[in-house]
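Contents: one structure, followed by commentary.
Any read-out appearing in this document is the output of simple, stated calculations on the displayed coordinates, not a laboratory observation. In this text the structure is predicted, and so the values were computed from the model without any measurement. With ideal geometry, Cβ positions are generated from the backbone for all residues, glycine too; neighbour counts draw on all protein chains shown.
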Amino acid sequence: MPAEQESFWDADSYVVITDKTKPAMKWTIQALKRSGKKVYTIDLSEKPEEGALRNVSELPDGIQRAVIGVTKTRPEDVVDALEEKGIKEIWIHWMTETQEAEEKSSDYHMHLITGRCPMMYLGHGISIHTAHREIAKLVGKY
């Protein structure tokens with residue numbers, strides 16, 4: 001049986017929410033697109049990428065999963081907006097999660113993954129991400 005972190009990537013559509021403070025968010029977007037997933041980006045930075053949305057409310061309906069990697073914005077505010085859009089499966093990038101975001105996710109009956117970098121599960125080939133995955137497996141943190 002695959003770990004919840006592995007099966008998280010089985011959906012067809014994702015939104016990745018970034019403020020450009022976590023490089024793994026850019027790599028997550030690229031990896032998802034390479035695997036044929038429909039990916040929306042919400043860029044909360046001061047200089048958003050061209051084509052990126054600025055607010056969760058701009059998303060179309062039906063997106064299945066969300067990845068959050070923000071440090072300049074409170075992730076719990078993003079959790080509120082995702083709940084309003086009906087997105088119930090979220091991943092908050094490790095070391096960006098907050099107790100408030102975890103509590104809100106629980107209150108909204110969302111499935112939440114925390115404490116892990118998404119690229120540890122999306123990375124392929126020889127990279128820092130695959131090395132991170134192998135080390136995590138060795139120490140029982142995968």
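Observations on the model:
- Using only side-chain charges placed at the Cβ, +1 for Lys and Arg and -1 for Asp and Glu, the dipole size of region 55-98 relative to its Cα centre rounds to 160 debye.
- Ordering of 33-41, 78-86 by packing [mean C-beta count within 10 Å, highest first]: 78-86, 33-41
- Residues whose placed amide H lies under 5 Å from that of Arg116, excluding near-sequence neighbours: Trp94
- Region 4-138: projected area of the alpha-carbon convex hull, averaged over directions, in nm²: 7.9
- Annotation: amide H-H contacts under 5 Å for Tyr40 (H modelled 1.01 Å from N, sequence separation of 5 or more, or interchain): Tyr14, Val15, Val16.
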